[in-house]
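What follows is a short report on a single structure.
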Amino acid sequence: MRAFATIILFIFMVAYRMVSGLTKERRGHSFIKIGHRGAAGYCPENTFASFNKALELGANYLEIDIQMTRDGELVIIHDPTVNRTTNGKGRVRDFTLKEIQSLDAGSWYHSKFSKERIPSFSEFLNTYAGKVGLLIELKKPHLYPGIEEKVANELLIRGLVSGENNQVIIQSFDQISMKRIHHLLPNIPIGILIKKTKINGLSNKELESYVNFATYVNPKVTMVNKRLIRRIHQHGFKTMVWTVNKRSEKNLLKNYSVDGMISDYPDLLK
């Protein structure tokens, strides 16, 4: 009788742990909170004001966009031209670093940000590396031959590529560029950005093609459903979804157990 009772108690304890674990996973799943271009919903994107605001609002990572000037300097700006986010006009690659940093990168958003300038990648790393996670996107890297080597060198000289407790992730839509980065920095996690017009538009064949160099597959929020996230995870990838700006989206994605969310409003992700 005592043995039978012991067996029943054991079964009960195992069942309790399983249910408790599942409940904890559903209710308490943690994810990386990433500020999109800093806190682009509150400040001019990709500026120090925006990055500082994202930290203030609890972001674990800062997402930034990298392009290159005429004199080969890396700068943080989303568009291939300066037209939308500065008081200047022209292509990023046609400016020198000095010229591009003379532009006003804040007044387009609000006059109180008139002193904001386009940061160089070096300035950004000097300020934030080691203090917060960095999600670095290479924008249209085919426009900038050698950009992968330059990014790699900036990280190498600061010792940010060891792989131990590393808080640097590099991503792009450009798979060829990400393969180069993986070759240069094999310890740095690589993300492939995905933007499809159809839900479930990401095939198994495509997912399998990323296996040898990528750690993350990061889809746009409008293409995400539970099945897609499950398939990404089944292929061994982590996933960070962009750009999550609605509470309903956040709650849904949390139930899908995504690994990270990227938002213009980092406080939304708390």
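The values are calculated or read from the model by the stated rules, or taken from the named source; none is laboratory data. This one's a predicted model, so the numbers in the text were calculated from it and none came from an experiment. We place every Cβ from the backbone using ideal geometry, glycine too, and count neighbours over all the protein chains shown.
Numbers for the structure displayed
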| item | result |
| --- | --- |
| Test: residue in the stretch 82-90 that is in contact (Cβ under 8 Å) with a residue 40 or more places away in the chain and outside any strand (DSSP E or B) | yes |
| Subset tally (residues that are touching a residue at least 40 places away in the same chain (Cβ under 8 Å) and surrounded by fewer than 19 Cβ atoms within 10 Å (Cβ to Cβ)) for the stretch 239-253 | 1 |
| Any chance Gln171 is modelled with pLDDT under 95 and touching a Gly at 6+ places or on another chain (Cβ under 9 Å) | no |
| Candidate set from the stretch 108-122 (those that are surrounded by fewer than 16 Cβ atoms within 10 Å (Cβ to Cβ) and touching a residue at least 40 places away in the same chain (Cβ under 8 Å)); member that is farthest from Arg84 (Cα to Cα) | Ser122 |
| Answer from Gly58, Gly72, Gly38 - the residue that is outside any strand (DSSP E or B), crowded, with 23+ Cβ neighbours inside 10 Å and small (Gly, Ala, Ser) | Gly38 |
| Candidate set: the stretch 247-266, residues that are assigned to a helix (DSSP H, G or I) and under 16 Å from the mean Cα position of the chain (by Cα); chosen: the one nearest to Ala40 (Cα to Cα) | Pro266 |
| Members of the stretch 188-213 found to be without any contact (Cβ under 8 Å) to a residue 12 or more places away in the chain and at positive phi, listed by number | none |
| Single residue of Tyr216, Tyr256, Tyr265 found to be touching a residue at least 12 places away in the same chain (Cβ under 8 Å) and in contact with a strand residue (DSSP E or B) (Cβ under 7 Å, 6 or more places away or on another chain) | Tyr216 |
